[in-house]
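Peer 1: One structure coming up, written as structure tokens, with questions to follow.
Only the coordinates and a few stated rules stand behind these numbers; no lab work does. Quick caveat, the model's predicted, so the values are computed rather than measured. As a convention, Cβ positions derive from the backbone with ideal geometry for all residues, glycine included, and neighbour counts pool all protein chains shown.
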Amino acid sequence: MSESAVQTAPGKLAFRTSDLSKVYGEGPAAVHALRGVDLEIPSGELVVLLGPSGSGKSTLLNILGGIDRASSGQAYFQDDELTAMTDRRLTAYRRRHVGFVFQFYNLMPSLTAHENVDLVAEIATDPMPTMEALDLVGLTPRATHFPSELSGGEQQRVAIARAIAKNPTVLFCDEPTGALDSKTGVGVLKALQEVNTRLGTTTLIITHAAATAAMADRVIHFADGQIREVIENDHKVSPDEISW
Amino acid sequence: MLAFASILDRKLLRDLWRIKGQAAAIIFVIAAGISLFVMSHGMMISLDETMRAYYERYRFADMYAPAKRAPDYIVEEISALPGVNDVEGRISGGGLVTLPEAPAPISARVMSFDPEAAAPINGVHLSEGRMISPTRQDEILLLKSFADAHGLAPGDSLSVTMNGVRHSFAIAGLALSPEFIYALPPGDFVVDDARFAALWLNEEAMEAAYDLDGAFNEAVLTFSPNANEEFLIAALDRILAPYGATGAYSRADQISNKFLVEELAQLSTMGRVMPPIFVAVSIFLLNIVVTRLVQTEREQIGLIKAFGYSNRDVAVHYLKFVLAIALGGALVGWGGGIWLGRMIGEIYRIYFHFPFLVFVADFSTLGIALAISALAAAAGAFFAVRSAVTLTPAVAMRPPAPPKFASGDGFMKTISGFLDQPSRMILRRLSRQPGRALLTAFGIGAAMGLSVMMRFNVNATDYMLDVSFNVVDRSDVFVSFVEPLSDKTVLELQSINGVTLVEPVRSTPVMFNHDRIEFLGGITGLPDKAALNRAVDTDLQDVDITGDGVVLSEQLAKILEIAPGDMLSVEVREGRRPTLEIPVTGIVESLIGTPAYMNMDALNRQLKEPNRVSGAYLKIDPRLRQEVYNEIKAIPKVAGVSLRREAYQNFEDMIDEGPGVFRHIMTVFSIIIAAGVVYNSARIAYIERERDLASLRVLGFTKIETGYVLLGELATLAIIALPIGSALGYLIWSYMAAALSTELYQIPVIYKEDGLGYAAIIVLLATAFAGAFIQRDVAKIDLASALKTRD
Ligand SMILES: Nc1ncnc2c1ncn2[C@@H]1O[C@H](COP(=O)(O)OP(=O)(O)OP(=O)(O)O)[C@@H](O)[C@H]1O
Ligand SMILES: [Mg+2]
């Protein structure tokens, strides 16, 4: 592949946070979504975030992905402090390094699968060919379909193709299989793992399916806005062996 | 940024297509405003240009100098005056045309015309038949409008009484003339083609008919560029004084031209004042609609940003989106405006009897139209996009923030108690976002305001008409005499079987003079306790004219800068032509024109012509109508007979068919704007709530129940809009009435509920239609995909 795939030399940190907090609202109604998160994520790893609903997983992911801002504390991407970046620099960061996969796919309804991928590929510095990205998620025959003509799993795979097409440095997936059945979900996870191993993309996956943890390099357990436990997984399994 | 715009552009095109109904509605709203502007602008230029070209091509005279009898050689003397380009001495006289089917003789103007002249002053446009022969004395050219009104054609014969002698003429051809663009019967203020004839004879025939061998009675002249009007009037009056000059006047005082210029000025005022209001309203609406449209794209904006597109990319994208709509509106409006301008121009061409129309398609208006709508749309999009991009993408993408609803306190709680759940949803939603609700109501109200304004406009005209024909003039017939007659004529009229009431009037044309300000007008002398033709003020109260002085309309007093107690100098323009000094005893506000009233006896005393009348108003027994007409026909010296019923009809026709078309178009546009706005508001409300509505359906609510949540909200907003629209309409019309009023015409602001009711019906109908469309959308919600895909 290209250079961007290997720019994350093993051993280097992709993300580091210290005392990261996020408060929604103020006064008595304030919600502490993150309460001082200290975290290190090495480059190239596939990390799974687990935790009860409302524990702050999405919030953390959004801040690391540069689409939300922290209330206090620091978050670093490699050596750059995300929490200190201007809007413009955050935009550049997302543009250059980040791929997103959302729970509800969030495809542009008025663009075909191919065009949805193009949308991101067009602003990337070194994208892979759109068809290659679609091929990676097994959607070549569906390229010209509109989102409304695709099943949930297919839409999610378009979303993954869209996220990986730019050869991102990091890939964020917020419950990518949340809306899918187990079998389709496995297909999506395979696509993610494929990207992680082949391109070396640092990948963060939020999921409620604890079994998914089996395919991760690292599993972070979240509760109440804080990290409970971080487990390094020495016996990664293939997604094929996962079911929920 | 443009390099990767292609995919976004594709999204843009598809999105435009997806909201095509809405886009079309917005395009129509903006097009309505723009086309009105383009139309009136183009029409105004075209009419002015046409008038100018018409006058020039047929050498319409710059000045008229009537006399009783001036020898032909005087023409030489006149042509030697500095500033005179060309001069002709012609014979011009009054006549009466008798038609078998007409109830009364019809006033005519008869003029000598040299059929062999290459380029005569006051030439005619021969539209049918052929030119009169220079040798035959029994041939005439007839004014085409009159011929058309009576179905006369070349080859027919016409009976005309001139100088008391009846002649029969063969119609050689039909003609249009710049001198008779406006065909006004004497003593009338409305065009009536059927009751005014102009005819042209060769010189020999005219000399014979009016005993003017080797003489003329009217000099018509054209100016050279350096002409000095005042000097020429004085010189002509001096030269013609020995020959019974009645006073030279310039083109500005020529009756047809005067009315044409006045009419064009009014049109142009209307064209200047009305379209900007429509444009302003449609721009305001465009702004609201675009803002809300972009708001519905909030999540997509967040998503695009999450991918790394910059704020600028997003802004440019939505700018293109709204510009496409706005420019569509501008182009449709411009094209439509040109088309309408041509159509209306043609209507006016026929109305004014122009032989041709110079249509000027003005490209400067295209630029203005594009600029206006682009700016308005951009401004609307700018604020919406700015508020969307200032959100972090995570927030923007979150499902439309469920607003914090409270069960409410006190009042709200009390009402809620009586309501079912869907009604509560409507109520809570409106009270949760009162700003948004008010803005929508205000938008609908503004659109309604235009309809209210148009209705008030109609009311004002109706009121003027009502005052003119039912308060001021309550007669059935007005008879005018060739010259002031003894009041025995009144007795003569009274003795006609079928005439129930006769009321004489003595009016005289005069030149008012005060402090070197001159004004050509007339004094109307009314009898004590006038009943058929009254002088009333704006409150419709009788004006007190019992004294010896003259009572002036406020407008006239303003022009002359004169106050009660001052002496007014009055040069009488008939009979012995005395100059009188008359005290101003009062000033009244008058609705129409610049009248000056006196007691009839006092006026006659001043004129030293006791017991003279210049006309009479009659009330007649409708069953004996024809008999009365026949008797009046037989009275010599009757110059004209005007029937109020016909005048009323003519006026109504004019309002409907002539300049009134302009008003009809504006009315239609106000409806289009209202419908477009209501539809868009409904659509946007639908888009914003599609998921909620789908959820309701999933929960087991019927289509009707689901639709109710949305349509109930729409209906509530429409109802809130009614008082807003009424107030706005009233404000707009008050402004318009003031702007449209001239010194001569006071446009009243008449408050009538029917105007509001009419506009309310338009808004409610538009709401019902929009509601029907939306209900159809609700019925078609694809539950699965509405809940599955998030956008
Ligand atoms: N915009 C917001 N305003 C107020 N509170 C918020 C907002 N967004 C999230 N929260 C709160 O912050 C907390 C963490 O939310 P977050 O979305 O990160 O949870 P999560 O772990 O992703 O949960 P889930 O597994 O259900 O997606 C929750 O209590 C949530 O209610
Ligand atoms: Mg979450």
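Peer 1: Would you kindly calculate the translational diffusion coefficient of the stretch B:84-141, applying Stokes-Einstein with the Kirkwood radius from alpha carbon pairs, for 20 °C and a viscosity of 1.002 mPa s, and quote it in µm² s⁻¹ without decimals?
Peer 2: The diffusion coefficient I find is 156 µm²/s.
Peer 1: Let me test this: with uniform point scatterers at the alpha carbons of the stretch B:1-143, what is the Debye-based log₁₀ I(q)/I(0) at q = 0.11, 0.16 1/Å?
Peer 2: Debye curve over Cα of the stretch B:1-143, log10 I(q)/I(0) at q = 0.11, 0.16 Å⁻¹: -0.70, -1.11.
Peer 1: Compute the FRET efficiency between residue B:705 and residue B:386 as 1/(1 + (r/R0)^6), taking r as their Cβ-Cβ distance and R0 = 41 Å, and round to the nearest 0.05.
Peer 2: 0.60
Peer 1: In whole Hz, with x marking every Gly and Pro, tabulate ³J(HN,Hα) for the stretch A:194-210 from phi via Karplus 6.51 cos²θ - 1.76 cosθ + 1.60, θ = phi - 60°.
Peer 2: Along the stretch A:194-210, the couplings run 3, 5, 4, 7, 6, 9, x, 6, 5, 10, 10, 10, 8, 8, 9, 8, 4 Hz.
Peer 1: Sticking with this one: Mind listing the long-range amide H neighbours of residue A:43? Cut-off is under 5 Å, sequence gap 5 or more, other chains count too, H placed in the peptide plane at 1.01 Å from N.
Peer 2: When sequence neighbours closer than 5 places are left aside, the close amide H contacts are A:11, A:12, A:13, A:14.
Peer 1: Now for a different question. Within the set of other residues whose C-beta is less than 12 Å from the C-beta of residue B:111, count the net charge using Lys and Arg as +1 and Asp and Glu as -1.
Peer 2: -3
Peer 1: For a quick size check, give me the Cα extents of the stretch A:12-236 along its three principal axes, largest first, whole Å.
Peer 2: That works out to 50, 39, 37 Å along the principal axes.
Peer 1: Here's something else I'd like to know. So for the stretch B:499-620, considering every pair of alpha-carbon atoms, how many percent are separated by more than 19 Å?
Peer 2: That tail contains 43 percent of the Cα-Cα pairs.
Peer 1: Determine the gain in length on full extension of the stretch residue B:624-residue B:226; use 0.36 nm per residue of separation and subtract their C-alpha separation, reporting nm with one decimal.
Peer 2: Length difference between fully extended and current span is 137.4 nm.
Peer 1: Along the positive direction of the dipole of chain A (beta-carbon charges: Lys, Arg +1; Asp, Glu -1; about the Cα centre), which of A:37, A:230, A:49 reaches farthest?
Peer 2: The Cα lying farthest towards the positive end belongs to A:37.
Peer 1: Show the residues, 5+ positions off or on another chain, whose built amide H is closer than 5 Å to the amide H of residue B:500.
Peer 2: Here B:619, B:620, B:621 satisfy the definition.
Peer 1: Among residues other than residue B:201 whose Cβ falls under 11 Å from its Cβ, what is the net charge (Lys/Arg +1, Asp/Glu -1)?
Peer 2: Neighbour charge sum, excluding residue B:201 itself: -4.
Peer 1: Let me ask something else about it. Putting +1 on Lys and Arg Cβ atoms and -1 on Asp and Glu Cβ atoms, find which of B:630, B:694, B:723 reaches farthest to the positive end of the dipole of the stretch B:597-733.
Peer 2: Toward the positive end, the furthest listed residue is B:630.
Peer 1: Give me the Debye-computed log₁₀ of I(q)/I(0) at q = 0.16 Å⁻¹ for the stretch B:56-258, equal point scatterers on Cα only, no solvent, two decimals.
Peer 2: Here the Debye-derived log intensity ratios amount to -1.05.
Peer 1: Checking the table B:488/B:637; B:258/B:529; A:166/A:190 against a 22 Å threshold on Cα-Cα, which pairs fail?
Peer 2: Those over the limit are B:258/B:529.
Peer 1: If you don't mind, there's one more thing I want to ask. Would you mind computing, in nm to one decimal, how far apart the modelled labels at residue B:379 and residue B:529 are, each placed 7 Å from Cα along Cα→Cβ?
Peer 2: Here the answer is 6.3 nm between the modelled labels.
Peer 1: Multiplying the sequence separation of residue B:438 and residue B:649 by 0.36 nm and subtracting their Cα-Cα distance, what value in nm do you get?
Peer 2: Roughly 71.5 nm would be gained on extension.
Peer 1: State, to one decimal in nm², a quarter of the convex hull surface area for the C-alpha atoms of the stretch B:28-73, i.e. the direction-averaged projected area.
Peer 2: Orientation-averaged projected area of the Cα hull: 5.3 nm².
Peer 1: In straight Cα distance, which lysines are under 19 Å from residue A:22, not counting same-chain residues fewer than 8 positions off?
Peer 2: Of all the lysines, those that pass the test against residue A:22 - Cα under 19 Å, at least 8 places apart if same chain - are A:57.
Peer 1: Select from A:219, A:117, A:23 the residue whose mean-square fluctuation is largest in a Gaussian network model of chain A (Cα-Cα springs shorter than 10 Å).
Peer 2: A:23
Peer 1: Here's another thing I want to ask about it. Using R₀ = 45 Å, calculate the FRET efficiency as 1/(1 + (r/R₀)^6) where r is the Cβ-Cβ separation of residue B:312 and residue A:53; round to 0.05.
Peer 2: That gives a FRET efficiency of 0.75.
Peer 1: Which whole-number percent is the relative contact order of the stretch A:12-236 (Cα, under 8 Å, 6+ apart)?
Peer 2: Result for the stretch A:12-236 is 28 percent.
Peer 1: What does the charge dipole of the protein assembly as shown about its Cα centre add up to, to the nearest 20 debye, if the Cβ of each Lys and Arg holds +1 and the Cβ of each Asp and Glu holds -1?
Peer 2: 4380
Peer 1: What is the projected area of the convex hull of the Cα atoms of the stretch B:155-252, averaged over all directions, in nm²?
Peer 2: 8.6
Peer 1: How large is the convex hull of the Cα atoms of the stretch B:251-352 per residue, expressed in Å³ as a whole number?
Peer 2: 111
Peer 1: Assuming R0 = 41 Å, what is the FRET efficiency of residue A:145 and residue B:343, from their Cβ-Cβ distance, to the nearest 0.05?
Peer 2: So, using R0 = 41 Å, E works out to roughly 0.25.
Peer 1: Now for a different question. Kindly write out, for the stretch B:633-642 in residue order, the coupling ³J(HN,Hα) from the Karplus curve 6.51 cos²θ - 1.76 cosθ + 1.60 (θ = phi - 60°), rounded to whole Hz, with x marking Gly and Pro.
Peer 2: 3, 7, 6, x, 6, 7, 8, x, 10, 10
Peer 1: Can I ask one more? For the stretch B:66-186, take the convex hull of the Cα atoms, compute a quarter of its surface area, and give me that in nm², please.
Peer 2: Answer in nm², one decimal: 8.7.
Peer 1: Turning to a different aspect of this structure: Scan around residue B:216 for amide H atoms under 5 Å from its own, H built in the peptide plane at 1.01 Å from N, and keep only partners 5 or more places away or cross-chain.
Peer 2: The list, which skips near neighbours in sequence, is B:70, B:72.
Peer 1: Can you give the local net charge around residue A:186? Use residues other than it whose beta-carbon is closer than 14 angstrom to its beta-carbon, Lys and Arg +1, Asp and Glu -1.
Peer 2: Neighbourhood net charge equals -1.
Peer 1: A follow-up question, please. Place a point 7 Å from Cα of residue B:17 in the direction of its Cβ. Which residues in the stretch A:98-142 have their backbone N less than 12 Å from it?
Peer 2: What the label zone holds, given the 12 Å backbone N cut-off, is A:110-112.
Peer 1: Viscosity 1.306 mPa s, temperature 10 °C: give me the Stokes-Einstein translational D for the protein assembly as shown in µm²/s, with Rh taken as the Kirkwood radius over C-alpha pairs.
Peer 2: 45
Peer 1: What percent of all Cα-Cα pairs in chain B falls in each 20 Å bin, counting up from 0?
Peer 2: Result, from short to long distances: 14, 37, 26, 17, 6, 0 percent.
Peer 1: If you don't mind, another one. Could you give the nm distance between label points at residue B:262 and residue B:114, where each point is 7 Å from its Cα heading toward the beta carbon?
Peer 2: The answer from the label model is 3.4 nm.
Peer 1: Then there's this: Taking the Cα centre of the stretch B:1-155 as origin and charging only Cβ (+1 Lys, Arg; -1 Asp, Glu), how large is the dipole, in debye to the nearest 20?
Peer 2: 1120
Peer 1: Still on this structure, please answer the following. Starting from the Cα-Cα distance between residue B:163 and residue B:482, subtract it from 0.36 nm times their residue separation and give me the gain in nm to one decimal.
Peer 2: 113.8 nm
Peer 1: What list of ³J(HN,Hα) couplings, whole Hz, do you get for the stretch B:466-471 from phi and the Karplus terms 6.51, -1.76, 1.60, once you set θ to phi - 60° and write x for glycine and proline?
Peer 2: Result, ordered by residue: 4, 5, 5, 9, 10, 10 Hz.
Peer 1: Which of A:180, A:90, A:120 sits closest to the plus end of the dipole of chain A, meaning its Cα is farthest towards the positive end, when Lys and Arg get +1 and Asp and Glu get -1 on the C-beta?
Peer 2: A:90
Peer 1: For the stretch B:499-620, what is the charge dipole size about the Cα centre, in debye to the nearest 20, if Lys and Arg each add +1 at the Cβ and Asp and Glu each add -1 at the Cβ?
Peer 2: 580
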